[in-house]
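Below is one structure, written out as structure tokens; comments come after it.
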Amino acid sequence: MSYIIRVAQREDMKQVLQLIQELATFEKEDDAVEVSVQDLEEDGFGKQKLFHCFVAEKNEKIVGMALVYPRYSTWKGAVIHLEDLIVTKDMRGTGLGTALLDEVVKYGNDLGVKRICWEVIDWNEPAIGFYESKGAKVMRDWDVVQLDETGIKNYLSAIA
């Protein structure tokens, strides 16, 4: 398989959004994606860069991506969060996921981070196996906690 891994450019965001939507469909959350191409362009390439993205390109088409952003651990210090690593269905099993993860790990190492963290949905055993085979520790005793936009508004109303 011939593909190249490179840092994403603003003009890649339309195809990146298509990958994000493909992941949402895979995770049975078709209607959950609210971000737009414009959001991705502004947030990734605007005045305040909120994320860093790698893309995998084959025949001038984006077939994979990995999006990371900085976080801070009160226990460890600087870390990065891997929000999503997505490979198109027809490219799975080609080594592309490994190549993207390699870039993320190199990037984190170059930044000097103490940890790279991410979540994986509990029923995605192929992804869990993949990450564990790379030496990642899947912490099954931790639960993800989120306060969505509605929850934020309700919380603020309750304390007002």
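The values are calculated or read from the model by the stated rules, or taken from the named source; none is laboratory data. All values reported here derive from a predicted model rather than from experimental measurement. Glycine gets a Cβ as well: all are built from the backbone with ideal geometry, and neighbour counts include every protein chain shown.
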Task: In the stretch 81-107, residue surrounded by the most Cβ atoms within 10 Å (Cβ to Cβ) [restricted to those that are in contact (Cβ under 8 Å) with a residue 24 or more places away in the chain, of a type in the set (A, V, I, L, M, F, W, C) and in a helix (DSSP H, G or I)] - done: Leu100
TODO: Just need a number here: residues in the stretch 1-11 that are more than 15 Å from Asp39 (Cβ to Cβ) and in a loop (DSSP other than H, G, I, E, B).
DONE: 4
Open item on the list: Yes or no: the stretch 30-53 includes at least one residue that is touching a residue at least 40 places away in the same chain (Cβ under 8 Å) and closer than 21 Å to Glu119 by Cα.
Closed with: yes
Open item on the list: Go through (1) touching a Gly at 6+ places or on another chain (Cβ under 7 Å); (2) among the basic types (Lys, Arg); (3) surrounded by fewer than 10 Cβ atoms within 10 Å (Cβ to Cβ) for Lys114 and report which single condition fails.
Closed with: (3)
Open item on the list: Return the residues of the stretch 108-127 that are at pLDDT 95 or above, assigned to a helix (DSSP H, G or I) and either in contact with a Pro (Cβ under 6 Å, 6 or more places away or on another chain) or not polar (S, T, N, Q) (or both); say none if nothing qualifies.
Closed with: Gly108, Asp110, Leu111
Open item on the list: Looking only at residues that are buried (at least 17 other Cβ atoms within 10 Å of the Cβ) and in contact with a Phe, Trp or Tyr (Cβ under 6 Å, 6 or more places away or on another chain) in the stretch 59-80, which one is nearest to Ile4 (Cα to Cα)?
Closed with: Ala66
Task: Near pairs, Cβ below 9 angstrom, 6+ apart or cross-chain, from the stretch 56-73 (in a loop (DSSP other than H, G, I, E, B)) to any residue that is modelled with pLDDT under 95 and not β-branched (Val, Ile, Thr) - done: Asn59/Ser2; Asn59/Tyr3
Task: Residue that is modelled with the lowest pLDDT, among those in the stretch 130-156 that are exposed (fewer than 11 other Cβ atoms within 10 Å of the Cβ) and assigned to a helix (DSSP H, G or I) - done: Glu149
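Yes/no per residue for (1) within 21 Å of Pro70 (Cα to Cα); (2) touching a Leu at 6+ places or on another chain (Cβ under 6 Å); (3) exposed (fewer than 13 other Cβ atoms within 10 Å of the Cβ):
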site	(1), (2), (3)
Glu27	no, no, yes
Asp30	no, no, yes
Gly44	yes, no, no
Cys53	yes, yes, no
Open item on the list: Ile121 - would you say it is of a type in the set (A, V, I, L, M), more than 18 Å from Ile4 (Cα to Cα) and touching a residue at least 40 places away in the same chain (Cβ under 8 Å)?
Closed with: yes
Open item on the list: Based on this model, can you work out whether Lys14 counts as basic (Lys, Arg), surrounded by fewer than 17 Cβ atoms within 10 Å (Cβ to Cβ) and assigned to a helix (DSSP H, G or I)?
Closed with: yes
